[in-house]
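Encoded as structure tokens, the structure appears first; notes follow it.
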Amino acid sequence: MPDSVLPVRTTDGAARSGKASPDARAAIKQRKNGLWANPSARLVSDMKTGWAPPPESVSAPPIGQAAHTARRRAMLSARFPRERLVIPAGTRKKRSNDIAHRFRAATEYAYLTGDQTEGGVLIFEPLQDGGHEQSLYLPGRSSRASGEFWLDGSSGELWTGRRRSLADTSRVLGIACRDVKVLAEALLGTPAPVRVVPGHDMALEVDLADQSATAHNDELAEVLSEMRLVKDDFEITELQSAVDSTIRGFEDVVRSLDRAEATSERYVEGTFFLRARVEGNDIGYNTICAAGANACTLHWSRNDGPVRRGDLLLLDAGVETRNLYTADITRTLPVDGRFTAVQRRVYDAVCAAQEAALAVVRAGARYRDIHEAAQRVLAEHLIAWGIVREDTDTLLALDLQRRWTLHGTGHMLGMDVHDCAGAPTDTYVDGTLEPGMCLTVEPGLYFQPDDLTVPEEYRGIGVRIEDDIVVTADGHRNLSAALPRHADDIEAWMASLRTS
Ligand code: GLY
Ligand code: MN
Ligand code: MN
């Protein structure tokens, strides 16, 4: 990619070499600010002219979730009267040297605005009579007259692409938009306690801390996490779309398994990623492509192991939609299309545990019931296979099955894969399911390759089955039901994809 800075030039135009002069130091400082260094007066003047007029503003329709974002902002406003709230989109994170990771807007910001602009900041300014004035601070069009469109390498439109005018963006999002250049001024003075969602924009947090008694507590983030526990119709449609793209990504992987066998788990990762980038925004989390015993490493994402016939491939992957909702699905597939007897035995046990867990998912059930139902079935299988000698109740009371079941049986799902993680315990982990909650159900069994407590034939087998579920008034709906789960169906599905 091109650097946004020309080589630093001395006054006679020769390329700089040797020790930095004061001018060169100033230029280097400019470079750090993302500016072109020392452009000649003639170039500055030339760059102001000779451009076709900007195209007529195209009236984009309002975003589909505008009514939802407005309702969410109203709820938040009611929760924090007489306080100034600051919700940043965040900034890009450095990857190495001057290269950043791809920007992804903070969930809280996108949830409240429907916008994903890097550096955007949503401000709730408390009003005397209650409520808040809500404003979104965004980069406006960059001026040709001042030269910022080409001189500012970090946000000039020549570098980053055309933007909508603030007036157009305001219509599209349904919220007043102001130029981010006036944000510092708007934040001057301390009319009220200030709360900021922490962790996304350190420079802004430092500025706020310098000038006000900022409450860097987590309560704002906690409330925003709790608000997202129950999804609205727009969000459930987005999650279904994320799931549908993810299913197509799993189909891509099955079709490409021959090539993965000739390369590595990286081929599986790349195949799924193509679907995620073409249909969605990205993957919602690092894809786990774990063949053979790698499946026993829960956060396996190096994905550099071999894919061999006779082994299982545990694929845990999710497409994130362009509105930032992610699926989170796992299937454990026989690389050659057929489970061996012992693989099927383990697979069927996990499938039975998932069935038991799904059976308790309904409004009014305790969230913990899901995990307990799955653990009981897995414990019974471990006992039946002679791996443990305790009775089921003793085993569960001591949690001894966890040596092989390892993790929880699910989590809330939404804009974050582990959504609502900051919600209070009494409304989430110790809470009761409500219609509109979306969660994963994902039991697993993992026999480490060096676990001498299990018969040898089990060692190195890891199986997880994970589906994405929405709680309804009378039960639940499996958003990922179109992806086969049972061993026979998996084999038939793989065979149909590999011959088509
Ligand atoms: N892949 C993350 C999870 O399943 O929770
Ligand atoms: Mn997962
Ligand atoms: Mn999960």
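None of the figures in this text is laboratory data; all of them are computed from the coordinates on show. Being a predicted model, the structure only gives us computed values, none of them experimental. Every residue, glycine as well, gets a Cβ built from its backbone with ideal geometry; the counts of neighbours run over all protein chains shown.
Laid out as a table, the results:
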| quantity | calculated |
| --- | --- |
| Given charges at beta-carbon only (K, R positive; D, E negative), |dipole| of region 403-500 in Debye | 200 debye |
| Label-point separation in nm, Arg322 to Ser165, each point 7 Å along Cα→Cβ | 2.4 nm |
| Mean separation of Cα contacts under 8 Å (6+ apart) over length of the chain, as relative contact order % | 12 percent |
| Local electrostatic count at Ala356 - Lys and Arg +1, Asp and Glu -1, tallied over other residues with Cβ under 12 Å | -3 |
| Leading residue at positive end of dipole, the chain (Cβ point charges), from Ser301, Cys420, Thr440 | Ser301 |
| Relative contact order computed over region 358-500 (Cα-Cα under 8 Å; 6+ residues apart), in percent | 25 percent |
| Cα gyration tensor shape of region 349-500, rounded if a/c is under 1.5, else prolate or oblate by comparing a/b with b/c | oblate |
| Selection from Thr237, Ser264, Thr287 lying farthest towards where the dipole of region 234-289 points positive, charges on Cβ | Ser264 |
| Full-extension gain in nm, Arg477 to Thr297, via 0.36 nm per residue minus C-alpha separation | 61.8 nm |
| Net length gained if the chain between His407 and Arg141 were fully extended (0.36 nm per residue, minus Cα distance) | 90.9 nm |
| Angle in degrees between helix 22-32 and the longest Cα principal axis of the chain, rounded to the nearest 10 | 40 degrees |
| Estimated inter-spin distance, Arg42 and Ala60, nm [label 7 Å along Cα→Cβ] | 4.0 nm |
| Set of region 277-318 residues, backbone N closer than 16 Å to the point 7 Å along the Cα-Cβ line of Ser264 | 287-295, 300-308 |
| Rounded to 10°, Cα long-axis angle of helix 487-499 versus longest principal axis of the chain | 60 degrees |
| For region 286-346: rounded, prolate or oblate by the Cα gyration tensor [a/c cutoff 1.5] | prolate |
| Virtual spin-label span in nm between Trp51 and Ile99, 7 Å along Cα→Cβ | 2.9 nm |
| Count of Lys pairs (Cα-Cα under 30 Å; at least 8 positions apart or interchain) in the chain | 15 |
| Footprinting exposure proxy for Arg309, Arg338, Arg389 (fewest neighbouring C-beta atoms within 10 Å first) | Arg389, Arg309, Arg338 |
| Ascending count of other beta-carbon atoms within 10 Å, so fewest first, for Tyr367, Tyr446 | Tyr367, Tyr446 |
| Debye, to nearest 20: dipole size of region 45-111, +1 on Lys, Arg Cβ, -1 on Asp, Glu Cβ | 480 debye |
| Anisotropy class of the chain from Cα gyration tensor, a/c 1.5 cut | prolate |
| Neighbour-count order for Phe234, Phe339, fewest beta carbons within 10 angstrom listed first | Phe234, Phe339 |
| Helical mean residue ellipticity (222 nm; -39500 (n - 2.57) per DSSP H run of 4+; nearest 500) of the chain | -10500 deg cm²/dmol |
| Relative contact order of region 199-332, defined on C-alpha pairs under 8 angstrom at six or more residues apart (%) | 25 percent |
